[in-house]
Structure formats: C-alpha cells, structure tokens
Ligand SMILES: Nc1ncnc2c1ncn2[C@@H]1O[C@H](COP(=O)(O)OP(=O)(O)OP(=O)(O)O)[C@@H](O)[C@H]1O
Ligand SMILES: [Mg+2]
C-alpha cells in the first residue's frame, strides 16, 4: 500500500507542475492551432533563470514571475518570426528552441547543470514553511497543486475576457477577427506569450523542486505537453463540466502516471524518450479517430 | 422631389478610380483583369452586380476590402483614400459577408459570444468581461429579427447551426455596428432556395433600415432585378451594363439573360 501511495505522490509531485505547461500548450495548440516547438527551449529557460536568480538571493516567488515574463518574451519572438517575417509555425518554433540553447548556456555561465542547494525556494520558504509534521512530506504536491490551480483559474478567467474571446476567435476563424477590425497576427503573438510564459513557469517550479536547473531538461517537453493536452482534451471531451484547461492538467497527470508505471514495471531509463514518443503517437492517432467521428455528426450546411 | 443637392462625397461615396490589376504578371498564367477600371457608388445606394465567371466581381470586392492590393489606381470610401490601409483596418468601416457561411462567424464560440465580440467592434479588446450581461436583451431583440428562434439558443455553439442560420447570423453581426460600406459576395449561393429567399429579405430589411451603402454580387438574376437601386453587369473586367434606378425598374430578367447570351457569343461559345 505504501508503495502505491509513494507512486501516486511521485506522479502528482511532477504531474501538477507539468500541468501548468500543459495549460500553456493548450492555449497555443488547441486554442490557436499553433504547434509551438519553442516550448523545448522555454522550459529550461525558466529553470535556468530561476537557478540564477535564487542563487543570487532573489525571492523565489519573484523568480517565478520573472521566469514567466522571460518565457513570454521568448514566445513573443516565436510569434514575431511567424507573423511579421512569415516563417512557418514549425520553423519559427525550431529557430527559437535552437537559439534558447545558447541563451540558457549564457545564463548558467556555460555549465550544463546549475544547482542551488539550501537556498529558499517556494517549497521551503513562505507559506510552505508553515507546514509541519506529516504535512511536510506532501508540501511539494500541495504547492504544485496550488500553483497549477491558480494558473488554471487565471487562464480560465482570461479566456472569458474580451481579449480572451478574441484570442479564441483568432484560432478558430482569423477572417472573423479581421472583420472585427483587429489583426489576428497580434492575437497569435499574445497566445504564444501566454503559452511560453506558462511553460517557463513550469520549468521554474520544477527547478525549485529539484533545487537545480538542467539545461537539457527541455528535450521532449513539446512531445510531453502536446500528448498531455491531446490525451486530456480528447478523453474528457464528453464531460461538459470539466473545462479544457482542467482536462489538460488531468492529461499531464495521466501521462506522467503512464511514465511512472512503465518505470515501475522495469522499463530501462534509456527507453524513456522512446516511450514518450510512442505515447504521443497513440494520443495523436486516437485523437484523429475521435475527430473523424465528430465530423460526421455535422449538420447539412445548406439546410436552414 | 427633394431639391437638396448631394454633396460631392455623397455622390462619389465609394470609388474605384483608374484601377489596374494583373495577376501573375510575367508568367504564362498572366491574367490582365482590369485596365483603367472605374466605378462610383452614391451614398445609401444598394448596387447589385452580376456577371460571368471570372469577370472580376470578387476581385473588385477584394480590392475594396484590401484582401489584395491594386497595381495602380485609387480606392475611396467616404471621401478618403484607403489604399494604404490594411485589410483589418478597413474592416472598421467596411463589413463583408462571404459566400462561405463559416467565414462570417466563429464556429467554436457560442451565439452569445459571437454577438458580444461583434458588439465590441471599434472599441478596445481588453481585460473586461467578454460578455456584458446587460446587453443580452438587446442581442435577443436583434436575433428575433431573424425569425429563426435563435434568441432562445444564445449558448449554442455556432458550429451546430445550419448554413442558412449561420449566414443570417453573420449578416446580423456584420451590420451591428455602423458601416460605411456593406459588401456581399454571393452570400446566398450556398443556401437552398428557401433559405436564400429568407436571407435576401433580411438583407433588404437591414440595408434599408440602416441605410447602408451596399455592393452585392450575385448569380441569382431574380435577386439582382428585384433588389437594389442599381444593377451592374460585368464581363472580362469591364462594366457592360450599368442600369440606374429608373432604367432598372423596367429591367426584366429576360433582358439580362439576352445580354448574357450576347456576351457568350462574343466569347465564341
Ligand atoms: N489570387 C489570384 N491569383 C491569380 N488569378 C486570380 C486571382 N484572383 C482572381 N484571379 C483571376 O481573375 C479573374 C477574375 O476572378 P474573380 O474571382 O474576380 O471572378 P468572379 O467574377 O468573382 O467569378 P465567379 O463568378 O466565378 O465568382 C479570373 O480569371 C481569375 O482567374
Ligand atoms: Mg467570385
């Protein structure tokens, strides 16, 4: 029983944190229909910036905020490349992802791993320090969940504002945004800022959990985030009361659970990325099946 | 008879002047469409445009909306040269309904959200709540005009509406805020005969009520004859018939078909 509890805790400790990234990728991939590969670069960007700031004694919550802003700036570059220079969506992402590698190295001063042991993090200072006794061992899960839920609520709220509606419209029907006198390109950039901001925030929180930043931690993040979003939103499409952002978080937790279970069953670590790719493929294929079924239900377009 | 003289901008409210447009310049597919094309539309005039396939009707609309640039010449709306404005900037005073019913609304948003967005056109899209609850009654009364029962389905996604319902909604949404020019590109073409009648009557109602300057392209000669103050027939980038209010009232569908046949004979088919 203890093993199961340990496993669940293990899943949730990272699941909620990856859930924040999944919310961000939900915005770019599902709302804007933009497959954003820069995520692979902005995730470690958040981690590296946080490591540098916390090592310098900056408040960990402030570090989270700065990580979010820097991730947003990187997303803005992806958007500008795509919208202003008319580079395809995939290539814009790849360009930023590649450039981020150098940026991250500059931030960590050339080292691949930047530890900051025994410094204040959101898990050890502030409200987390109030947790004592038994609660203490759940502090990572608790704080991860709180951060994730706060991000989710803010994004949900944003999507109901005028700007949020316009964002949804520009993914759905750019021509409609044009007829409203607005530039859908601008909204694409806004969406990429939010998406990459959330990703960098996830990177920041994960770095604080492990008290170190790893420059390679971004590899496979796109695959992971997309799989989470697709698994979550297609599994829970039928459940009306679950919002898509919650579905993305649940997807991230389920995805993490798959990985943990596979590891537990004795899959060698070397096969981890392969497994991630396989899971993503399964998610994509099943999503296509779902979508196919949905299209057939459409009404005859000429009947009033 | 009103003796009030129309001002110069009212007479030439919308203008395409000395327009040149060639597609695929210099390639084997070169299409020289417009050479020194001119068209002036009076304020509050409802113009219907007919013409053979490829005669340049959609291109005129695209040039007005800024979807494609002119090679040379100038485009005026309400006394202002708008050639330098981008498509979305022109949308602030030009409304457009497309042939494809899915283009004029957002399928994944609800009817209410679509209307709220349209209602906010012209102001900023900031962080205020998207749907203003106090406007819902107004949206309902607007939807009642359509007589489609949509006023009771505000929270329905637009993707679940039929093409005719969507087109009616698109037309309503497009004319919700003040416009200098309304552009309709075969907006009834994808609908069944009854739906297109409904949408056409709605068009007439809205255009007259809001006194909109309107340019409507249609392949339906009956609509072209029965609706609008002026009728233009296009052929190969030229206006071959331009019937003003008096001439148009005596115009029959038969006259138009004859004219069409004349043109086709010239073409040798
Ligand atoms: N983007 C484009 N690139 C190349 N050629 C074009 C383009 N748009 C229009 N044309 C050409 O210009 C001509 C006029 O096209 P247009 O779409 O304006 O015709 P139309 O009168 O709207 O015809 P229809 O009745 O079929 O809608 C056609 O010969 C077409 O091939
Ligand atoms: Mg056309």
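Structure data summary
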{"item": "Qualifying positions in the range B:62-99 - farther than 22 Å from residue B:205 by Cα, within 13 Å of chain A (Cβ to nearest Cβ) and either within 16 Å of ligand 1 (Cβ to nearest atom) or in contact (Cβ under 8 Å) with a residue 40 or more places away in the chain (or both)", "result": "B:62, B:65, B:66, B:67, B:87"}
{"item": "Index of the failed condition, residue A:274 passing every other in (1) modelled with pLDDT of 90 or more; (2) under 27 Å from residue A:151 (Cβ atoms); (3) surrounded by fewer than 16 Cβ atoms within 10 Å (Cβ to Cβ)", "result": "(2)"}
{"item": "Number of the condition not met by residue B:45 [criteria: (1) within 30 Å of residue A:173 (Cα to Cα); (2) more than 16 Å from ligand 2 (Cβ to nearest atom); (3) touching a residue at least 60 places away in the same chain (Cβ under 8 Å)]", "result": "(1)"}
{"item": "Residues located in the range B:65-94, provided they are within 16 Å of ligand 2 (Cβ to nearest atom) and buried (at least 21 other Cβ atoms within 10 Å of the Cβ)", "result": "B:65"}
{"item": "Residue B:179 vs. criteria more than 7 Å from chain A (Cβ to nearest Cβ), touching a strand residue (DSSP E or B) at 6+ places or on another chain (Cβ under 7 Å) and either within 27 Å of residue B:214 (Cα to Cα) or in a helix (DSSP H, G or I) (or both)", "result": "yes"}
{"item": "Condition met for residue B:50 (within 16 Å of ligand 2 (Cβ to nearest atom), out of contact with any helix residue (DSSP H, G or I) (no Cβ under 9 Å at 6 or more places or on another chain) and farther than 15 Å from residue B:182 by Cα)", "result": "no"}
{"item": "Of residues in the range B:24-50 being within 18 Å of residue B:14 (Cβ to Cβ) and within 13 Å of ligand 1 (Cβ to nearest atom), the one nearest to the other protein chains (Cβ to nearest Cβ)", "result": "B:49"}
{"item": "Yes/no for residue A:194 being within 30 Å of residue A:124 (Cβ to Cβ), within 14 Å of chain B (Cβ to nearest Cβ), in contact with a helix residue (DSSP H, G or I) (Cβ under 7 Å, 6 or more places away or on another chain) and assigned to a helix (DSSP H, G or I)", "result": "yes"}
{"item": "Filter result for the condition that a residue is surrounded by fewer than 18 Cβ atoms within 10 Å (Cβ to Cβ) and touching a residue at least 12 places away in the same chain (Cβ under 8 Å), over B:257, B:203", "result": "B:257"}
{"item": "Cβ-Cβ under 7 Å pairs, at least 6 apart or on other chains, the range B:216-236 side farther than 23 Å from residue B:193 by Cα, far side within 14 Å of ligand 2 (Cβ to nearest atom) and assigned to a helix (DSSP H, G or I)", "result": "B:234/B:57"}
{"item": "Candidates B:109, B:129, filtered to the one that is surrounded by 17 or more Cβ atoms within 10 Å (Cβ to Cβ), within 7 Å of chain A (Cβ to nearest Cβ) and closer than 29 Å to residue B:152 by Cα", "result": "B:109"}
{"item": "Meets criteria (within 19 Å of residue A:183 (Cβ to Cβ) and more than 7 Å from chain A (Cβ to nearest Cβ)) for residue B:103", "result": "no"}
{"item": "Residue in the range A:252-265 that is within 25 Å of residue A:66 (Cα to Cα), touching a helix residue (DSSP H, G or I) at 6+ places or on another chain (Cβ under 8 Å) and away from every other protein chain (no Cβ under 14 Å) present", "result": "yes"}
{"item": "Residue match in the range A:65-83 (condition: assigned to a loop (DSSP other than H, G, I, E, B) and in contact (Cβ under 8 Å) with a residue 12 or more places away in the chain)", "result": "no"}
{"item": "Exclusive hit being within 29 Å of residue B:114 (Cβ to Cβ), within 13 Å of ligand 1 (Cβ to nearest atom), surrounded by 14 or more Cβ atoms within 10 Å (Cβ to Cβ) and away from every other protein chain (no Cβ under 14 Å), set B:57, B:21", "result": "B:57"}
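Table: residues versus (1) under 19 Å from the mean Cα position of the chain (by Cα); (2) surrounded by 24 or more Cβ atoms within 10 Å (Cβ to Cβ); (3) within 27 Å of residue A:227 (Cα to Cα).
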residue	(1), (2), (3)
A:65	yes, no, yes
A:77	yes, no, yes
A:83	no, no, yes
A:88	no, no, yes
A:106	no, no, no
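Results for (1) touching a helix residue (DSSP H, G or I) at 6+ places or on another chain (Cβ under 9 Å); (2) within 15 Å of ligand 1 (Cβ to nearest atom), shown as yes or no for each residue.
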| residue | (1), (2) |
| --- | --- |
| B:222 | yes, no |
| B:225 | yes, no |
| B:239 | no, yes |
| B:247 | no, no |
| B:254 | no, no |
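The values are calculated or read from the model by the stated rules, or taken from the named source; none is laboratory data. Since we're looking at a predicted model, the values are computed, not measured. Cβ coordinates were reconstructed from backbone atoms using ideal geometry, including for glycine residues, and neighbour counts include every protein chain displayed.
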